[in-house]
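Structure record follows, encoded as C-alpha cells.
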Amino acid sequence: MKVLNKSSTTKLLAYFAVIFVMFCGFLIFRHKNQVIETKNLPFYNVALETVADGTYLGKTYTSFLHVQLEVTVQNHQLVDIKVIENKGSQGQKVEPIIQEMIKQNKSVVPAIKGEELASLVFISCVDNALKQGVQGTN
C-alpha cells in the first residue's frame, strides 16, 4: 500500500479545490442565465374580464423547465388548469401555484418560496394561454 507524502496530498487537495471552484462557478453561471431567461419571458397580466369562455393551451419552454397548461375560463373565472407537460427539476414543486391562481382568479400570484424562477414560468404559461382568449384580438 502506497502512502501519500505531504506534497502529493497538497496537490490532490489543490486539484479538488480547483474542481470545486469550477463547479461553483458553473452553478452560478447557470443560475444567472436562468434569471435572464426568465426575465425575458412574456408576462401579459391578462384581466380575466376580457377573456372569453373557453379552453386555451399555453406553452412556455425554458432551458430548465418545459410547461404546457390547458386553462379553462367560464364567466371570466379560472375554473381549471390542467398540466399537459411539466418537464424540469423544479416543475413538480411549483404545481401548487395552479390552485392559488384558481383560488385568486388571476394568473399573477405570489411565487412559491425557493422556486421563484419556476413559478414565473408557470405564470407566463397561464398568461400565454389567457392572451389567446382576450376578446377583440382574434
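The values are calculated or read from the model by the stated rules, or taken from the named source; none is laboratory data. Here the structure is a predicted model, which is why all the values come from computation and not from measurement. Using ideal geometry, Cβ is built from the backbone for each residue, glycine included, and neighbour counts are taken over all protein chains shown. Just the protein is used for accessible areas: all its heavy atoms, side chains included, with ligands, DNA and RNA removed. Shrake-Rupley method; radii C 1.70, N 1.55, O 1.52, S 1.80 Å.
Summary table
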{"item": "Highest average packing first - 109-117, 39-47, Cβ atoms within 10 Å", "result": "109-117, 39-47"}
{"item": "Calculated volume of the Cα convex hull per residue in Å³ (choose from [x] 95; [y] 123; [z] 175), label", "result": "[y]"}
{"item": "Given charges at beta-carbon only (K, R positive; D, E negative), |dipole| of the chain in Debye", "result": "1020 debye"}
{"item": "Charge dipole (the chain, unit charges on Cβ, about Cα centre) - positive-most of VAL121, GLN77, LEU57", "result": "VAL121"}
{"item": "Label point distance in nm, SER63-SER7, each placed 7 Å from Cα along Cα→Cβ", "result": "4.2 nm"}
{"item": "Fully extended contour minus Cα-Cα distance, from PHE16 to ASP80, at 0.36 nm per residue", "result": "18.0 nm"}
{"item": "Reachable lysines from LYS113, criterion Cα separation under 29 angstrom, eight or more residues apart if same chain", "result": "LYS32, LYS39, LYS59, LYS82, LYS87, LYS93, LYS103, LYS131"}
{"item": "GNM top mover of LEU48, LEU120, LEU12 - the chain, alpha-carbon springs below 10 Å", "result": "LEU12"}
{"item": "Kyte-Doolittle mean at least -1.0, axial Cα span of 15 Å or more - DSSP H helices of the chain", "result": "6-39, 116-132"}
{"item": "Share of carbon and sulfur in the accessible heavy-atom surface of the chain [1.4 Å probe, %]", "result": "60 percent"}
{"item": "Å² per residue, accessible surface of the chain at 1.4 Å", "result": "64 Å²"}
